């Protein structure tokens, strides 16, 4: 078990194609923009020195779910593991705050009616305890959490499909770990929902988009991958939500920029967007 200083940090795992490292570099840059001073490490399958990371670690035996090994090896007392296909839009320090009380924090899988989400690993569980998404996971290291990570890795290696979320669901169900379920704005995968969101809803903190690697060439060339994905109109709504979010305003010690109301204000907003 590694020695872990009393600190917070983010880790990424990038193995295989070079595009995964490129995605992690861009994701790390988005963290630094909104969370200066937060340490960020990369776990990879070869010696390299990409920009934006405090340390780069070469994995001993990389495999399809090396992210579990990376979490187990993390040097941080409280670790946030992120998939490389994310963009951080705001302050995420409160994820570490919740780890002062809970052992693990993660968000529900948003496609809970899919075949994979409904297929059990060993034991059928009630639908009210659904799968969690494996792309945004925060843990407070300790004996119980480290044992869970070891059990998870071993079970996934033995699992016929190699899928880790089905296994994680049942391991967490059987454990005594204190689980904090993050709301969807901390792992927003269905980004098209933003078209229906308003500033009364909490603004997204982390956008998680498989399209960032599925259509890598398109998004790698985009100055702003999130804006490229959601378009100008929804991008303007996203900016309003971030400005109006009361918690983000409190953390930044500013007043929330609440949207104007009324028909005249709506026309003024439309004009500003079209200019």
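The values are calculated or read from the model by the stated rules, or taken from the named source; none is laboratory data. All figures in this text were calculated on a predicted structure; none of them were measured in a lab. Heads up, the Cβs are rebuilt from the backbone with ideal geometry, glycines too, and the neighbour counts pull from every protein chain shown.
Tabulated results
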quantity: Residue in the range 162-177 that is assigned by TED's automatic domain parsing to the domain that holds residue 107, touching a helix residue (DSSP H, G or I) at 6+ places or on another chain (Cβ under 9 Å), in a loop (DSSP other than H, G, I, E, B) and modelled with pLDDT under 95 present; calculated: yes
quantity: The range 105-124: number of residues that are surrounded by 15 or more Cβ atoms within 10 Å (Cβ to Cβ) and more than 30 Å from residue 219 (Cβ to Cβ); calculated: 1
quantity: Condition check for residue 193: surrounded by 14 or more Cβ atoms within 10 Å (Cβ to Cβ) and not in a helix (DSSP H, G or I); calculated: no
quantity: Residue ranges of strands (runs of 3 or more DSSP E) in the range 1-99 with at least 2 members touching a residue at least 40 places away in the same chain (Cβ under 8 Å) and closer than 28 Å to residue 158 by Cα; calculated: 8-14, 78-82
quantity: In the range 200-214, residue farthest from residue 183 (Cα to Cα) [restricted to those that are surrounded by 14 or more Cβ atoms within 10 Å (Cβ to Cβ) and out of contact with any strand residue (DSSP E or B) (no Cβ under 9 Å at 6 or more places or on another chain)]; calculated: 213
quantity: Test result for residue 79, more than 30 Å from residue 245 (Cβ to Cβ) and assigned by TED's automatic domain parsing to the domain that holds residue 137; calculated: no
quantity: Any hit, the range 106-125, residues being closer than 24 Å to residue 31 by Cβ and outside any strand (DSSP E or B); calculated: yes
quantity: Selection from the range 199-251 of residues that are without any contact (Cβ under 8 Å) to a residue 12 or more places away in the chain and in a helix (DSSP H, G or I); calculated: 214, 217, 218, 219, 227, 228, 231, 235, 239, 246, 249, 250
quantity: Flag for residue 14 being surrounded by 18 or more Cβ atoms within 10 Å (Cβ to Cβ) and under 22 Å from residue 226 (Cβ atoms); calculated: yes
